[in-house]
Structure formats: C-alpha cells, structure tokens
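Peer 1: Just dropping this structure here.
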Amino acid sequence: YRVLIRKLKKKIKTIIGLQTLDDQNGNDACSSPSTSKLHELISAGKWRQATKQARLSPNDAKWISEGGNTELHHALLLDAPLHLIDALMRAYPSAIGIQDETFGVT
C-alpha cells in the first residue's frame, strides 16, 4: 500500500495548483448538499477521528462529491497521513480506480 499511496499522492499533487485556484475563487470540488461525518472530519484535518470513522462506518468512504471526488481523493488532496489513506482504501477499495470528473485523476 505504501508505494501505491506515494504514487497516488504524487499524481494528486500535480493538480494541487488547480485545486488551490478553485479554493481561492470559492469553489470547493468536494461540496455537496449532503456530506458524511467522515467527509467533515477529513475537511477539518481531524485525521485520527477520520481514521476511526472510516473503520467504524466504511460506507461513509463511499461518498462521492458532485465533481466525482471520493473521500480518498479528498484525503489525498489534503495531504492526509498514511494511516487515514490506508483506512479509506480498506473501507472502499474501488475508490482507487475511480477518476474524478474535474481532473480525470484517480
């Protein structure tokens, strides 16, 4: 997992500049009328609580934003620690192959 996570982080970081521009313009690629508790924890940078939530409620990891971002995408964009990335990948392994609609990345 660690090698895959590092590769994913490098790939995701190539779009961070675009994401930062969106954030400055008030656009949040992960906003949606309904979010999960897991999404809120990840957004707040509460990594340990988010890891626990992903393990206790794996269905929360299946939430996908209107832009096609999974919780895995969201966590990688926020440079979350490996323990959270691992928990998200275990909770929703299919997220690894899902491409977001905005940038076309996994």
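The values are calculated or read from the model by the stated rules, or taken from the named source; none is laboratory data. Given the structure is predicted, the values throughout are model-derived calculations rather than measurements. When we count neighbours, we look across all protein chains shown, and the Cβ atoms used for this are built from the backbone with ideal geometry, even at glycine. These accessible areas exclude ligands, DNA and RNA; they are computed on the full protein's heavy atoms, side chains included. Shrake-Rupley method; radii C 1.70, N 1.55, O 1.52, S 1.80 Å.
Peer 1: Filter region 40-63 down to the residues that are outside any helix (DSSP H, G or I) and open to solvent by 70 Å² or more (accessible area, probe 1.4 Å) and list them by number. Explain how you work it out, then say what you get.
Peer 2: Just the residues of region 40-63 that are outside any helix (DSSP H, G or I), to begin with: 44-46, 57, 63.
Once the filter is applied, which keeps residues that are outside any helix (DSSP H, G or I) and open to solvent by 70 Å² or more (accessible area, probe 1.4 Å), region 40-63 yields only K46.
Peer 1: Here's something else I'd like to know. Which count do you get for residues in region 75-106 that are open to solvent by 20 Å² or more (accessible area, probe 1.4 Å), modelled with pLDDT of 90 or more and touching a strand residue (DSSP E or B) at 6+ places or on another chain (Cβ under 9 Å)?
Peer 2: Looking only at that region, the number is 1.
Peer 1: Filter region 63-85 down to the residues that are charged (D, E, K, R) and touching a helix residue (DSSP H, G or I) at 6+ places or on another chain (Cβ under 8 Å), then identify the one that is farthest from A95 (Cα to Cα). Walk me through it before giving the result.
Peer 2: Going residue by residue through region 63-85, those that are charged (D, E, K, R) are 66, 71, 79.
Going one step further and asking which of them are touching a helix residue (DSSP H, G or I) at 6+ places or on another chain (Cβ under 8 Å), we end up with 71, 79.
Numbers: E71: 8, D79: 17 Å.
Applying the filter and picking the extreme gives D79.
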